[in-house]
1. Those residues that are in contact with a strand residue (DSSP E or B) (Cβ under 9 Å, 6 or more places away or on another chain) and touching a residue at least 24 places away in the same chain (Cβ under 8 Å), I need them from region 448-470; list them, please.
2. Taking region 467-498, which residues are of a type in the set (Ser, Thr, Tyr) and either exposed (fewer than 15 other Cβ atoms within 10 Å of the Cβ) or assigned to a strand (DSSP E or B) (or both)?
3. Please find, within region 463-492, the residue that is farthest from the chain's Cα centre (by Cα) out of those that are closer than 22 Å to GLU427 by Cβ and aliphatic (A, V, I, L, M).
4. Please indicate, with yes or no, whether at least one residue in region 321-330 is under 19 Å from VAL268 (Cβ atoms) and at pLDDT 95 or above.
5. Every residue in region 285-310 that is of a type in the set (A, V, I, L, M, F, W, C) and surrounded by 17 or more Cβ atoms within 10 Å (Cβ to Cβ), please.
6. Output the number of the condition that VAL117 fails; it satisfies all remaining conditions of (1) under 26 Å from CYS28 (Cβ atoms); (2) at pLDDT 95 or above; (3) β-branched (Val, Ile, Thr).
7. Would you check which residues across region 326-342 are touching a helix residue (DSSP H, G or I) at 6+ places or on another chain (Cβ under 8 Å) and open to solvent by 70 Å² or more (accessible area, probe 1.4 Å) and list them?
8. Here is a check on your reading of the model: is ASP422 charged (D, E, K, R), on the phi < 0 side of the Ramachandran plot and assigned to a strand (DSSP E or B)?
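The values are calculated or read from the model by the stated rules, or taken from the named source; none is laboratory data. Since we're looking at a predicted model, the values are computed, not measured. Don't worry about glycine lacking a Cβ; one is built from the backbone with ideal geometry, like all the others, and counts go over all protein chains shown. For the accessible areas, the whole protein counts, side chains as well, though only heavy atoms, and no ligand, DNA or RNA atoms are used. Shrake-Rupley method; radii C 1.70, N 1.55, O 1.52, S 1.80 Å.
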Amino acid sequence: MASVVEYKGLKAGYHCGYCDSEEGKASCGMWAHSLTVQDYQDLIDRGWRRSGKYVYKPVMNQTCCPQYTIRCRPLQFQPSKSHKKVLKKMLKFLAKGEISKGNCGDEPMDSTVEDAVAGDFALINKLDIKCDLKTLSDDLKESLENEEMKKEKNSKKEESNESIHSQAIEEKLGSGEPSHSIKVHTVPKPGKGADLSKPPCRKAKEIRKERKRLKLMQQNPTGEHEGFQAQGQPPSLFPPKAKSNQPKSLEDLIFESLPENASHKLEVRLVPVSFEDPEFKSSFSQSFSLYVKYQMAIHQDPPDECGKTEFTRFLCSSPLEAEYPPNGPECGYGSFHQQYWLDGKIIAVGVIDILPYCVSSVYLYYDPDYSFLSLGVYSALREIAFTRQLQEKTSQLCYYYMGFYIHSCPKMKYKGQYRPSDLLCPETYVWIPIEQCLPSLENSKYCRFNQDPEAVDEGRSKEPDRLQVFHKKAIMPYGVYKKSQKDPSEEAAVLQYASLVGQACAERMLLFRS
C-alpha cells in the first residue's frame, strides 16, 4: 500500500508549551492517512515527527523554540554515572524492595511528552479532518487496479526501489557518519587491550595487592586460591578476579540476575499498536487508566482532556503500516507499545516506532507512584538496549531517535546526555555530532550545523512535476494535475509540500487533493 497524505500547510502564531509564548510557535503539518515505514524514516530524517496520525515539521528559523531532531548511536553508547545509578536503583528495588532515599527529581527526564505538547494537541484537535478514510482507501484500491496502473506498475516499482536504494546510499555518504566497521578508540582499560608486555602504570595499592598475590602463589602453587590458575604458567598481571574492574555493559546492568527470592518481578512486553492484536486489546483499559493517572498528576491535565478519544488519537492511532520483510526484525516494523509490567500490573508504557534504520521514541507515560525509579531514564536505557538487540539481526537498524532536542529549553537538554549523539542540520539534513553543534547553539537559537557553506540539501525537490497526486480516484503526476488547476494558491501549497518532504518522498507518497 502506498503512503497517502493530506498537506495542511503552515500553522503559525500558536501557543508553545516549551517557553509558554502565546503565539511563538510555527510548524507545517500534514495528515497521514497511511505511511510506509520507509517514507516515515525519510521524513524524520528531514525533521518531521508524528503525533498520532498528524505529522509536523517545525519552521526552524521562525518558531520561538527551534526543535532539532536528535539521534543516539547505541552501538557506541556508554552509560554515564547517573545512568548507572538509575539502573542500580531498579535492581535494588527488584531484588530487595529497596527504595532509594534522596531526591528523585535530580533526573531531568521524566517523559518525552514535549514532542506533542499542548499547543500541537490543540492544533490537531482544531484541524478539520473530514476525509472518509474508508472511501479514500476504496478509491485508492480502485485506481490502483486501473488498467493504466497495471502498465505502469512494473516500471514504477523498479524506479521506486532504485530511489530508495540510491537515497540510502546518499544518506550514508552525505551524513558524514562513521561506517559500522570503525571502532571507537578509547584509552585501554586494565585487562582490556592494554599492552601486557610493558609494565602498566599502577597505583601503590595495586602493587601491594600484586605482591600479596605472588606470595600466596608461592605458598599455594596449585593456584586454587582466589580463583587463580597457575598450573605452571607465569602469574598474569591481571588475574580473572580483576575482571570486576572492567566497566559493565548496559546489558549487564539491565539484565543482572536477581536472587530467587527477589521482592519484585519486572517484565517488558512489546505489543503491536493494533486493536486486532489480542494482547493490545486485553491490556487496553489498564494502559488507558495509567495514561489518565499520568496526565493528570504530571501534566495537570483536566479529566476531560485525557479521555479515551484523546488517548486513542494520540497514542494508539498510527499512520504506519506494519511490515514484516524477511530481512527485518522478528517483531516487524511499525508502531508498538513497550509495556513495563511490575508484579502483574503495568507501571509504564513507552510508545515507539520501529523503522528501517532506527527505533524512534514517541512518548512515555508511567505511574507517578513509581517516580522514585526514574522511569523516564530507565525506559530510554531499555530502548537503547532494545535497539542494539534488533541491530544484531537487522544491521542497518542501528540508531535510537529521541524526538526533538531544544537547546533553549532547560528541561529538554537532558537528551544531549545520551552520547554519542547527532543533531540534524536544519538546512542540509546531514547529521552532525552534538559536540560540534553546542557552541553554535550557545550563541543562537537557530543554527545551520553543516560547516560547509557550499553544501546543499541533496534530497531536495528537483522535479516537482514528478510528485504524485491522488485526485478524483486517479493517481497522476503533478505535471498533469496542475494543467486542470486555476487557483494559484494551489501551486504554492504543492511546491511548499514538495520542498519539505524532498524528492524521494514526493515521488513515492500520494498527495491527496480534494
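1. Going residue by residue through region 448-470, those that are in contact with a strand residue (DSSP E or B) (Cβ under 9 Å, 6 or more places away or on another chain) are 449-451, 465-470.
Once the filter is applied, which keeps residues that are in contact with a strand residue (DSSP E or B) (Cβ under 9 Å, 6 or more places away or on another chain) and touching a residue at least 24 places away in the same chain (Cβ under 8 Å), region 448-470 yields PHE449, ASN450, ARG466, LEU467, GLN468, VAL469, PHE470.
2. At the first step, the residues of region 467-498 found to be of a type in the set (Ser, Thr, Tyr) are 478, 481, 484, 489, 497.
Of everything in region 467-498, those that are of a type in the set (Ser, Thr, Tyr) and either exposed (fewer than 15 other Cβ atoms within 10 Å of the Cβ) or assigned to a strand (DSSP E or B) (or both) turn out to be SER484, SER489.
3. The first filter runs over region 463-492 and keeps only residues closer than 22 Å to GLU427 by Cβ, leaving 463-464, 467, 492.
Subsequent filtering for residues that are aliphatic (A, V, I, L, M) retains 467, 492.
On the way: LEU467: 28, ALA492: 32 Å.
Looking at the filtered set, the residue picked out is ALA492.
4. The initial filter retains those residues of region 321-330 that are under 19 Å from VAL268 (Cβ atoms), namely 329-330.
Filter once more, so that each one left must be at pLDDT 95 or above: 329-330.
Checked against the condition, which is being under 19 Å from VAL268 (Cβ atoms) and at pLDDT 95 or above, region 321-330 yields at least one hit.
5. The first filter runs over region 285-310 and keeps only residues of a type in the set (A, V, I, L, M, F, W, C), leaving 288, 290, 292, 296-298, 306.
If the condition is that a residue be of a type in the set (A, V, I, L, M, F, W, C) and surrounded by 17 or more Cβ atoms within 10 Å (Cβ to Cβ), then PHE288, LEU290, VAL292, CYS306 are the ones that fit.
6. All conditions are met except number (2).
7. GLU330
8. On the way: charged (D, E, K, R): yes; on the phi < 0 side of the Ramachandran plot: yes; assigned to a strand (DSSP E or B): yes.
Spelling it out, ASP422 is indeed charged (D, E, K, R), on the phi < 0 side of the Ramachandran plot and assigned to a strand (DSSP E or B).
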